[in-house]
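Okay, structure first, notes after.
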Amino acid sequence: RPGVEGFNQFSLFALVSVVFCAVRDLATRRIPAHVPSLFITLVTTVTVTIAGAAIIVPLGGWTAPSGRALGLLTLAAVLLLIGYQCVIMALRSGDISAVAPFRYSALLWAMLLGYLVFGDVPDALMVTGATIIVLSGLYAFYRERIRHRPVAADASGLPPDGL
């Protein structure tokens, strides 16, 4: 919800994270094709690990995880590696405007998991905000598709006036 009452240092971490994700996506497109996607995944993973280690002290320090937590952390790490690899391959082979709208499905998954795991029922404002975000992404995808579509010529073989 917009407003400053819920804003704290954790909100700032989320905001900075989004900026880094956008920079990562744009940088991924610029990496030469001869650099293997798996190497990019490894560099991304190491970078995230180092960043996590750097912010662990301000967030309360290290606490040894239980065996169950360590198992879940290992599973999360494997799934994250697979996710990184898929995103990197998609960004390298597809247009960002075509790949980005699929990212918005994370909103739907977050809402569904929030409901199933935490019993958090989305209210009208949450659904409205998520709908606006998803529709804006789909519109950007549509606009880019239209923009890159070849212009049809009329019978004279010339493009329409103004183009």
Looking only at helices (runs of 4 or more DSSP H) that fall completely inside segment 1-100, which ones have 3 or more residues that are over 26 Å from ILE133 (Cα atoms)?
37-55, 67-93
Picked from segment 85-117 (must be hydroxyl-bearing (Ser, Thr, Tyr) and closer than 15 Å to LEU138 by Cβ), the residue farthest from the chain's Cα centre (by Cα) is SER97
Inspect all residues belonging to segment 13-33 and state whether any of them is over 22 Å from ALA100 (Cα atoms), at pLDDT 85 or above and not assigned by TED's automatic domain parsing to the domain that holds ARG103.
no
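Looking at this structure, is GLY114 loosely packed, with under 11 Cβ neighbours inside 10 Å and at pLDDT 85 or above?
no
The values are calculated or read from the model by the stated rules, or taken from the named source; none is laboratory data. Since the structure is predicted, the reported quantities are computational estimates derived from the model, not experimental observations. As a convention, Cβ positions derive from the backbone with ideal geometry for all residues, glycine included, and neighbour counts pool all protein chains shown.
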